[in-house]
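Step one of this worksheet: look at the structure below.
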Amino acid sequence: MNQDKTLLVTTPSVDGKHIVRVSGLVQGNRVRARNNGKDFLAVLRNVLGGEMGQYSRLLTESREQAMSRMVPQAEELGANAVVHLRFATSMILSGTAEIPVYGTAVVLED
């Protein structure tokens, strides 16, 4: 994955650039399961209050991994950017979440 080469934005366009070609939908996902040891600590944190840092880190890592699966698809289509990038989270099984990312692969020029 070369995110330095492939621009990723949540907006439908990029200021100062023109979309000269739409290459198509690209997507990536990551499925993660909970860790029971961390869950016990998270329950305590939930009761006492505060951020559940281990879950925040888990979701951040999962989003990054999902993007790392999406970017090569865009590059294979000849795109240099993905616009209108979106993330979602859904529960597949109890304790298991899917983090999909998707967007439109495009070619941008000045």
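The values are calculated or read from the model by the stated rules, or taken from the named source; none is laboratory data. Keep in mind that what you see is a predicted model, and the values were worked out from it rather than measured. Accessible surface areas use protein heavy atoms only, side chains included; no ligands, DNA or RNA. Shrake-Rupley method; radii C 1.70, N 1.55, O 1.52, S 1.80 Å.
Structure summary
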item: Amide H partners (placed H, <5 Å) of Ser23, local residues excluded; result: Ala105, Val106, Val107
item: Linear extension gain, Thr10 paired with Arg69, 0.36 nm per residue minus alpha-carbon span; result: 19.5 nm
item: Accessible-area value, Arg63, 1.4 Å probe, nucleic acids and ligands omitted, Å²; result: 90 Å²
item: Solvent-accessible surface (1.4 angstrom probe) belonging to Tyr55, in square angstrom, nearest 10; result: 60 Å²
